[in-house]
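The values are calculated or read from the model by the stated rules, or taken from the named source; none is laboratory data. Only a predicted model underlies this, so the values are computations on that prediction, with no experimental measurement involved. Here the Cβ positions follow ideal geometry from the backbone for every residue, glycine too, while neighbour counts run over all protein chains shown.
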Amino acid sequence: MKGAVVYHSKWGNCRQVAEAVAGGIAESGIAVTVLDLGSGAGLESGLSFLVLGSPTRVGKATRPARRFIRRGLGKAWLGKPFAAFGTGMADRGEKEEPKGADELDRRLYEYGLMRLLPPFKARVTGLKGPLAEGELERARQFGRDIARALKELK
């Protein structure tokens, strides 16, 4: 089994989360590739699962992440497992603000992929970050949870 953690990052926070998630998955012995959407590289063929992440901009995932779903996934991805993650400011009110991770999760599910876990949302302390304390360990645990869910599918 091999998969990819694909992300878009504007200030580097989402990159750090992607690497931590991939590290958590790799701890279980599952092969995983990390792919930056800004690199222009595409997905390898034959991958078994996808983890997609984006920062939150005005309550949405970034345009490169949304475009990746529309253009970067083909019919071969239908039914394959996925998880989504994102970064965003901590909520300041009683009502939780929408996050890019929620949008990615919804779009991937509607596209026809199989949701492994609810989306992971890493908090940043300012518009450009940094990540809040403890978020990278939470991201690594999310990766471990993904690996456990993947192994349960077998």
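Brief remarks follow.
- Residue check for G29: at positive phi and assigned to a loop (DSSP other than H, G, I, E, B): yes
- Selected residue (only one of A22, A18, A84, A76 is among the hydrophobic types (A, V, I, L, M, F, W, C), within 21 Å of G112 (Cβ to Cβ) and in a helix (DSSP H, G or I)): A76
- Selection of the range 99-129 for residues being in a loop (DSSP other than H, G, I, E, B) and at pLDDT 95 or above yields G112, L113, L116, L117, P118, P119.
- Any chance L153 is in contact with a Pro (Cβ under 9 Å, 6 or more places away or on another chain) and surrounded by fewer than 18 Cβ atoms within 10 Å (Cβ to Cβ): yes
- For the criterion of being in a loop (DSSP other than H, G, I, E, B) and either surrounded by fewer than 18 Cβ atoms within 10 Å (Cβ to Cβ) or touching a helix residue (DSSP H, G or I) at 6+ places or on another chain (Cβ under 7 Å) (or both), L43 passes.
- Search result, residues across the range 103-135 that are among the aliphatic types (A, V, I, L, M), buried (at least 18 other Cβ atoms within 10 Å of the Cβ) and closer than 19 Å to T56 by Cα: L104, L108, A122, V124, L131
- Residue in the range 134-154 that is assigned to a helix (DSSP H, G or I) and polar (S, T, N, Q) present: yes
- Test: residue in the range 57-69 that is part of a helix (DSSP H, G or I), touching a His at 6+ places or on another chain (Cβ under 7 Å), in contact (Cβ under 8 Å) with a residue 24 or more places away in the chain and crowded, with 18+ Cβ neighbours inside 10 Å: yes
- Failed condition for E96, given (1) of a type in the set (D, E); (2) modelled with pLDDT of 95 or more; (3) more than 12 Å from the chain's Cα centre (by Cα): (2)
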